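A short write-up of the structure that comes next.
What follows draws every value from the coordinates through simple rules; no lab data is involved. These numbers were taken from a predicted model, which means no experiment stands behind them. Here the Cβ positions follow ideal geometry from the backbone for every residue, glycine too, while neighbour counts run over all protein chains shown.
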């Protein structure tokens, strides 16, 4: 890793850490860091390839970035993408102030659970909290000291949490990348952009491909027309969200009244790139879930159910919890021999230069991080056993989601439950304890509630990029170690500066008030109406786990079985309800090309579908820049 690559990566990361909070809080438009192929990072990377690097090459051959340097810059942007937005600072800071500002005599938050929060994990200064929401008075400075302790405390926990993911990723790197040879479809996008040349000469082959530019312009102009309609209204708007559920009005078909067709050209492009069985499974399991809903409605059950009665929501979510546990257990069991061999080779001193650190040290580092996070949680007021239990569920979910991104190429992922939901189903909220629900609720909201920015998939894609480009693993280690603390500091500064100067009450209502309020109201409901162990949920969890094991066994052992189990873990989520149609279109195009044109036709049309993705991402970034100058808020190009 060269010095200029590291400095460029830090500069690009700083730009993203400033732009992402502005886009989320102020503009409230298309999120530039809200999925596992972040728009902001892709846009900056394309700009480096199409404008900056050719300009540097024109100034002198040796001044242009090499392929390895560009990959290092991209890795730094990828792993830092979740920090300023929904993955850490953008959500964490409002959460720490809202506990006091949104507390009222009517909701009773102060008397119910404020005693469970230590002074160093939330903000206590009344003036700092009031200014946070109402804006700084003229001539006043941001009260940094009021935030120093909680920001430092949560920053330490976050770095430990990401480090544990890093160590776990190092342990699984050889198994997933070298032995199982997972596709990593999202990592293929920048690799296709770079081409195979060691030092790209001018524009890379993909950027000179006419089909790529045809797909790019088709989507870019589509969103340009819709955006001009938003601004001026003189152009017709092409609908990207079609409500077909309103046609289902009669019983029991009204169970499908929420079905919609969301059109995401970028996801169509990704679906074309991945294996047909994965793309098929992602839309198949959505409709399998819809079929279950139809049967439940036809049997006379309400979809949500009354208290103590059957609830399809609990039924579906508990199934998926079991599926997540099963896939994590199965993956480690199937890889047990290879993982043991990797660790033994590492202990014997057999080094692989593509490993950031030796796997046996990674295992020790992972255990150390878990212990330190548990001690942090105990100091914050949690019981040791509860802290370890919730963290264990965190990792179970993260393994399933990371596998879905790495093997399935899903930019948008979600699980329909939270770790506390699983614990409450088995133990009940009273047994889990109010102190554990309080502090654990903050942890899961900050690090697990928005799975679309879970950190581990960014790391695994980065390890794949480094492996494919023959970048030594130690360069990835240094890139991550340098950029993550830097991103935390810059994100703190940019988020607090924006909020204090605008006033939280004038910014995104959901991020500043709605989501913190949801967390504390849910905690209030647990205390006022304790949840008992749910036998139906436990049975559904076990059933979902068994079904997932069957699906995994069939997928691994029978070539004729074409149903990939990854789609099952997202079956009832709102995310899958949004992306299923785009994956259906991409799957259909993939299948037809291979069936009637063979591999040659599939490869020849690959640039077209990459163009769909790049066109949509660049359109989102372009209109976000335009909106920032015009002051237009709430403008998103996505359906």
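With runs of 4+ DSSP H residues as the only contributors, calculate the mean residue ellipticity of the chain at 222 nm using -39,500 (n - 2.57) per run, divided by the residue total and rounded to the nearest 500.
-22000 deg cm²/dmol
Could you tell me how many cubic angstrom of Cα convex hull volume region 1-129 has per residue?
Measuring per residue, one finds 154 Å³ for the Cα hull of region 1-129.
Among 12, 299, which comes first, second and so on when ranked by fewest other beta-carbon atoms within 10 Å?
299, 12
Using a 10 Å cut-off around each Cβ, can you sort 595, 464, 149 from fewest to most neighbouring Cβ atoms?
Exposure proxy ranking, most exposed first: 595, 149, 464.
Arrange the peptides 546-556, 400-410, 482-492 so that the one whose residues have, on average, the most other Cβ atoms within 10 Å appears first.
400-410, 482-492, 546-556
Percent of alpha carbon pairs in region 485-562 separated by more than 16 Å?
75
Order the peptides 375-383, 270-278 from the highest to the lowest mean number of other Cβ atoms within 10 Å of their residues.
Descending mean neighbour count gives 270-278, 375-383.
Order by neighbour count: 495, 618, fewest other Cβ atoms within 10 Å first, most last.
So the ranking, lowest neighbour count to highest, is 618, 495.
Just to be sure I understand, if you calculate P(r) over Cα pairs in 10 Å bins from 0, in percent for this structure, which of (i) 3, 15, 23, 23, 18, 10, 5, 2, 1, 0, 0; (ii) 3, 15, 26, 29, 20, 7, 1, 0; (iii) 2, 11, 17, 18, 15, 12, 9, 6, 4, 3, 2, 1, 0, 0 do you get?
Answer by label: (ii).
If packing is taken as the average number of other Cβ atoms within 10 Å across a peptide's residues, how do 580-592, 238-250 rank, most packed first?
580-592, 238-250
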